[in-house]
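Presented below is the structure to which this report refers.
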Amino acid sequence: MKSNSLSDTCSHFFKIILPDTLQHKELGIPEKFVRKFGDQLRSAATLTVPNGRAWQVGLRKDGETICFSEGWHDFVECHSISAGYFLLFKYIKNSNFHVLIFEKTACEINYPDNGQEPENEDFDMRIEACETENLVKENNGPRQGKLNCDEVLHCKRRRLDINDEDELELFSVLEDMRIIMSKRYRNLAAEEKRRLISAARLFKPTNPSFIILLRTSSMCYRLYMPLEFTDKYLHRNDASIKLKVSDSREWSVQLSRNRARGWIYTQRGWNAFSKDMDLQPGDVCVFELIRMKDPLMKVSIFAASSKRVHLSG
């Protein structure tokens, strides 16, 4: 006989993501749900998305209030969740939830492949600038001075299986410069493609580098470094890096790791750097590793607005 007890029934709730939700890096569970199922919830919950990946997220309890806490921000970052997104939670039992994520178009997102490295909510590409690691030398970077993203240089096109003419040009430039781009970010706006092409042509790396197009304000809080880059060029015991720009200013930025997946991301110090450099959505940043021991990276910034100065590290 089927039981009609609350413990055997499924329940749903939804949450609309607000700016404050992102800032606090926690998500509150509705009080009515907590009254029904709060006694079943343990110190951690499992969130499973349609691609089959399960996330362990801590639960913070304060009286009758329960929030998804530790690990929640990683979930948000990996799925590029921003203000206005709609999340539908289906409770199974034993602190297990199935989660559907809808973007601001009211359509469900394309979930990353299980095991794929997280996106920054920003666009990221990887440059394999050198085929050997011993090419990392101090003060051996690209040209210095102001860089104008409107400069256009001609580039040989190679045969690629891409129909869009703008994408063909972009991928030709990236291929010529040994740049790898995430397949999830091929649906770029024309202006984004133009800036990326300009930045890629202007920057001629001689050391291991990666390039990122900053798309949202999440860049102020955390920046995931490409796994392909960190696996090859950063050591496991590197707890911080230094960032340097053309006027010789330096910032120390702490690094943190997702031990289960191996991802490395910035923490304390990155927010100060982004504010000091007035980083804005649409800016392109190129990071070049010029010293491997006590890692030092030159940062070249290609500003989205022509009214702002373009800086080369």
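Under a model in which nothing but the beta-carbon of Lys, Arg (+1) and Asp, Glu (-1) is charged, region 6-102 shows a dipole of about 260 debye around its Cα centre.
By counting other Cβ atoms within 10 Å of each Cβ, how are I211, I197 ranked from fewest to most?
In increasing order of surrounding Cβ atoms, one gets I197, I211.
In a fully extended conformation the segment linking D294 and A189 would gain 34.0 nm over its present Cα-Cα distance, using 0.36 nm per residue. Computed from label points 7 Å out along Cα-Cβ, the spacing between L88 and L100 is 0.2 nm. Rank G58, F102, Y91 by how far each Cα sits towards the positive end of the charge dipole of region 54-110 (+1 on Lys, Arg Cβ; -1 on Asp, Glu Cβ) and give me just the farthest. Highest projection toward the positive end goes to Y91.
If you plug the beta carbon distance of S248 and Y111 into 1/(1 + (r/R0)^6) with R0 = 41 Å, you get a FRET efficiency near 0.40. As a calculated quantity, the FRET efficiency between S43 and R268 at R0 = 25 Å, using C-beta atoms, amounts to about 0.45.
For the pairs K242/K298; K104/K275; K36/K61; K32/K104; K36/K93; K25/K275, flag any whose C-alpha to C-alpha distance is greater than 18 Å. All intermediate terms of the calculation are to be shown ahead of the outcome.
Values: K242/K298 9 Å; K104/K275 27 Å; K36/K61 15 Å; K32/K104 26 Å; K36/K93 12 Å; K25/K275 20 Å.
Checking Cα-Cα distances, K104/K275; K32/K104; K25/K275 exceed 18 Å.
Since every read-out is calculated from the coordinates, none of them should be taken as a lab result. All figures in this text were calculated on a predicted structure; none of them were measured in a lab. Here the Cβ is made from the backbone with ideal geometry for all residues, glycine too, and neighbour counts use every protein chain on show.
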